[in-house]
Amino acid sequence: MTSNLCPLCNEAGGELIWQSALYRVVMVDEPGYPGFCRVILNQHVAEMTELSINERNSLMNAVWAVEEVLRVEMKPQKVNLASLGNVVPHLHWHVIPRWQDDPHFPSPIWAAAVRESIPRTTDLNRLKASLASKLLMLESFS
């Protein structure tokens with residue numbers, strides 16, 4: 001089911017990196033946060049408990065796979081995972097690599113910035129390829 005008013009039903013939500021029948025993984029263009037990804041459910045559902053156990057497990061395995069790739073490839077000090085949905089009540093997870101010198105640290109990235117963005121050198125093509133490879137492997141085992 002989709003909602004005509006939902007931006008995640010009507011748009012990808014970022015640059016599409018991977019898509020399965022259940023979810024898609026996108027990279028978000030957020031200044032100061034290279035590697036920021038979203039894992040978005042492909043159907044219009046607001047809460048995890050609306051999914052079957054298998055769907056929940058598959059979705060969370062994708063979130064953890066994205067986190068793992070970001071940790072290995074980018075070596076952040078922390079990875080934030082968030083599923084809010086207060087503004088867009090369509091089930092999606094934010095997977096955000098964080099550094100102590102990023103614009104908002106230690107606060108969430110939605111808080112007021114406390115410093116200027118520091119450019120990070122990241123090979124985004126390599127990161128995208130690693131994400132796609134990990135998610136393909138994940139799908140082949142499920």
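Just so it is clear, none of the values below were taken in a lab; they were calculated from the coordinates. Just so it is clear, the structure is predicted and the values come from calculations on it, not from any experiment. All Cβ positions, even for glycine, are placed from backbone atoms using ideal geometry, and neighbour counts span all protein chains on display.
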| request: Can you pull the one-decimal nm distance between simple spin-label points at E139 and L81, each 7 Å off the Cα toward Cβ? | output: 2.1
| What is the local net charge at L16, summed over the other residues whose Cβ is closer than 13 Å to its Cβ (Lys, Arg +1; Asp, Glu -1)? | 0
| query | Could the peptides 6-15, 61-70 be put in order, highest first, of the mean number of other beta-carbon atoms found within 10 Å of their residues? | reply | 61-70, 6-15
| task | Take every Cα pair under 8 Å in the stretch 7-141 that's 6+ residues apart, average their separations, divide by the length, and report that relative contact order as a whole percent. | result | 25
| query | For the chain, with equal point scatterers placed on the C-alpha atoms only and solvent neglected, what are the log10 I(q)/I(0) values from the Debye formula at q = 0.16, 0.22 1/Å, to two decimals? | reply | -0.85, -1.44
